[in-house]
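Computed from the coordinates by the stated procedures, all read-outs in this text should not be read as laboratory data. Just so it is clear, the structure is predicted and the values come from calculations on it, not from any experiment. As a convention, Cβ positions derive from the backbone with ideal geometry for all residues, glycine included, and neighbour counts pool all protein chains shown.
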Amino acid sequence: MRAVRLERQGPPEELKLLDLPDPAPAAGEALVRLHACGLNRRDVWIRQGLYARIQLPCVLGSDGAGVVEQAPDRKWIGKRAVIIPCYGWGPDPKVQSRDFFILGMPRQGTMAEKIAVPQSMLCEIPAHLSFAEAAALPVAGLTAYRALVTRGELRKDEHVLVTGIGGGVATLTLLFAKALGARVSVNSGSAEKLAKARSMGAIAAVSYKEKNWEKELVAQAGGPPSLIIDGAGGDGLNNLLAASSGAARIVVYGATRLSPSKLDMPKIFFKQVDIRGTTMGTDDEFRAMLQLVERARIQPVIDRVFPLSQAVEANRLLEESAQMGKIILDCTK
Ligand SMILES: NC(=O)c1ccc[n+]([C@@H]2O[C@H](COP(=O)([O-])OP(=O)(O)OC[C@H]3O[C@@H](n4cnc5c(N)ncnc54)[C@H](OP(=O)(O)O)[C@@H]3O)[C@@H](O)[C@H]2O)c1
């Protein structure tokens, strides 16, 4: 099969399109012919050496959708499936076990024509979604769902701020929050992405490049957010504390801007703010996310689809944060 393997740390050119042996499913595993693979910032972190326990070379890619070719339960054969991107959450829904892993390092990932995964990681693709749209969901959708629903405890009509709206997780968070009846405001570094977010129903949209942007956001929205979903971190966390209402929840799923160099501690305690961490989610949350997508007929935002053979160009686009929503590889081309 053709697959894109990261040979060593370095620029996107270290991703090489190779002919590799087809994966052989172990007991209990299914073989999926992949049609689409979604890219994630995780792929960039691994390539840059900014991820834990890196083992290379490895076929990266955590998001995959395709057709099941072999499975222990024959009812799966020929079905369109999207793959749960992680395995081994463990018995406590509050936190993952030490055996938790994400597809695409160290285990073979989805930047390939075929993948073998435990049959328990297969879910049927909602009928209204293409393979590319299904492959936009796994990591970002699961992360967005747990951040909003489980950790964020989103309430109907609540004002939720979603930061860095161009991001894959952020665009799905906006769509999920709207489907769940929330009022959504956003920030971004790009005027184009702010305009797109407004067209998707954002009630306020401001540039995080402006000083004290949070004042403008609260003015546009007519009040402060009581829930904030953030994947950027960095010193911007202080702006989020300034933006938030009293007793707000700030749910943090990433740190694209790394850790803050300073933290406005008085704002945390005077405002009685909860800062909550979250990561990916359980299999049950993945299935609940898919049900929400199906019920509300949500269509993920896809920026561009590249052929598998152009994985280098696709990864460069992601690294530059030039995209709005997800970047997808077509594994059949
Ligand atoms: N914990 C988990 O399970 C989990 C899962 C998925 C992702 N993550 C992490 O979450 C982060 C986002 O992931 P992703 O896949 O959605 O990434 P992505 O698609 O590459 O998007 C990153 C986004 O960060 C935004 N950003 C950059 N500087 C910002 C700032 N100063 N303030 C606010 N936003 C800023 C940009 O938004 P604009 O383009 O709108 O400016 C950019 O689009 C990454 O750090 C990733 O590692 C964690």
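Roughly how many whole Å is it from the C-alpha centroid of region 114-175 to that of region 1-73?
20
Along the charge dipole of the chain, Cβ charges K/R +1 and D/E -1, which of Y253, G181, I46 sits furthest on the positive end?
G181
Given H placed on each backbone N at 1.01 Å, which residues far from I203 in sequence or on other chains put an amide H within less than 5 Å of it?
The list, which skips near neighbours in sequence, is V184, S185.
Calculate, for E294 and L56, the FRET efficiency according to 1/(1 + (r/R0)^6) with r their C-beta to C-beta distance and R0 35 Å; round to the nearest 0.05.
0.40
Suppose we keep just the DSSP beta bridges with both residues in the chain; what percent of those would be antiparallel, to 5?
55
Under unit Cβ charges (Lys, Arg +1; Asp, Glu -1), what dipole magnitude, rounded to 20 debye, does region 93-183 have relative to its Cα centre?
So the magnitude is around 280 debye.
Taking 56 Å as R0, compute the FRET efficiency from the Cβ-Cβ separation of L20 and A191 and round it to 0.05.
With a Förster radius of 56 Å, E is 0.85.
Which residue, A112, V82, G10, has the largest displacement toward the positive end of the dipole of the chain when charges sit on each Cβ (Lys, Arg +1; Asp, Glu -1)?
Comparing the listed Cα positions along the dipole, V82 ranks first.
For region 147-269, what is the convex hull volume of the alpha-carbon atoms per residue, in Å³?
Here the figure is 94 Å³ per residue.
Within 13 Å, Cβ to Cβ, of L34, how many net charges do the neighbouring residues add up to if Lys/Arg are +1 and Asp/Glu are -1?
0
In deg cm²/dmol and to the nearest 500, what is the mean residue ellipticity at 222 nm of the chain if only DSSP H runs of at least 4 residues count, each as -39500 (n - 2.57), divided by the residue total?
Per the formula, -7000 deg cm²/dmol.
Suppose every Lys and Arg Cβ carries +1 and every Asp and Glu Cβ carries -1, with no other charges. What dipole size does region 27-77 come out with about its Cα centre, to the nearest 20 debye?
140
Compare the Cα positions of I298, G64, A36 along the charge dipole of the chain (+1 at Cβ of Lys, Arg; -1 at Cβ of Asp, Glu; about the Cα centre) and return the one farthest towards the positive end.
I298
If we count other beta carbons within 10 Å of each Cβ, what is the order of F131, F270, fewest first?
With the sparsest Cβ surroundings first, the list reads F270, F131.
Any chance you could list P(r) for the chain, counting all Cα-Cα pairs in 20 angstrom bins from zero, rounded to whole %?
33, 57, 10
Between A255 and R74, what is the FRET efficiency for a Förster distance of 51 Å, r being their Cβ-Cβ separation, to the nearest 0.05?
For A255 and R74, the calculated efficiency is 0.70.
Taking the Cα centre of the chain as the origin, how large is its charge dipole in debye, to the nearest 20, when only Lys and Arg (+1) and Asp and Glu (-1) carry charge on their Cβ atoms?
Computed about the Cα centre, the dipole is about 440 debye.
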